[in-house]
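The values are calculated or read from the model by the stated rules, or taken from the named source; none is laboratory data. Everything numeric here is computed off the predicted structure, so don't read it as measured data. With ideal geometry, Cβ positions are generated from the backbone for all residues, glycine too; neighbour counts draw on all protein chains shown.
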Amino acid sequence: MIRYPIFILGFMAAGKSSLAPKLARALGVKCIDLDQYVEHSVQQSIEQIFNSKGEEGFRRLEHQQLRTMKPGQKNVVALGGGTPAFEDNMRYVNATGTSIYLQQRPEILIGRLRQQKAQRPLLKGLNEAEIADFVKDLLAKRAPYYSQADYCIDGEKVKLKELIQLLNV
């Protein structure tokens, strides 16, 4: 049986922010984007937070906002790409609700992130080859956290109807 909230996790540009609202609409529940929650909490963009507080400050805010998600809240939550890999966030996610890892091949992520480079603070100043190396390295570091998810789904083949059947909702 599914436990709410449902957390969608995965690497940057995996499609979490696209899938989460579709799943929430289909289930008739609220959709929350954790990055937007963090931005709202301090009235700054992610980029401004990184510039003023650094990644460590951003992760602290992210950790605090994640803790506002309580067991039983009928929400679908799109996590930030790094959320599961910091603090004890992945343990909290799995203890609080249901987690779904939206897995993508590195080549897909690299292609998307090359196009989104300007909006991604962690990619600032990297050339195309560096982006590829960065994605492969960081994905390998985060994989042990992502793999702790309750469900692992192929981001290229995910179909909403099949996901809902998988979740048995």
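Restricting to segment 74-84, name every residue that is among the polar types (S, T, N, Q) and out of contact with any Lys or Arg (no Cβ under 8 Å at 6 or more places or on another chain). The answer is THR83, and nothing else.
Scanning segment 43-88 for residues that are touching a strand residue (DSSP E or B) at 6+ places or on another chain (Cβ under 6 Å) and of a type in the set (Asp, Glu) returns no hits. Counting only strands (runs of 3 or more DSSP E) that sit completely within segment 1-102, those holding 2 or more residues that are over 18 Å from ALA149 (Cα atoms) correspond to 30-33.
Which one is nearest to the chain's Cα centre (by Cα), of the residues in segment 35-87 that are among the acidic types (Asp, Glu), crowded, with 16+ Cβ neighbours inside 10 Å and on the phi < 0 side of the Ramachandran plot? Per the stated criteria, the residue is ASP35. Within the option set THR98, THR68, THR83, being under 21 Å from ALA26 (Cα atoms) and modelled with pLDDT of 95 or more holds for one residue only, THR98. Residues considered: GLN115, GLN165. Of these, the only one that is more than 15 Å from the chain's Cα centre (by Cα), modelled with pLDDT under 95, surrounded by fewer than 19 Cβ atoms within 10 Å (Cβ to Cβ) and closer than 16 Å to ALA13 by Cα is GLN115.
Could you list all residues from segment 122-169 that are part of a loop (DSSP other than H, G, I, E, B), among the small types (Gly, Ala, Ser) and free of Cβ contacts under 8 Å to residues at least 12 places away in the same chain?
GLY125
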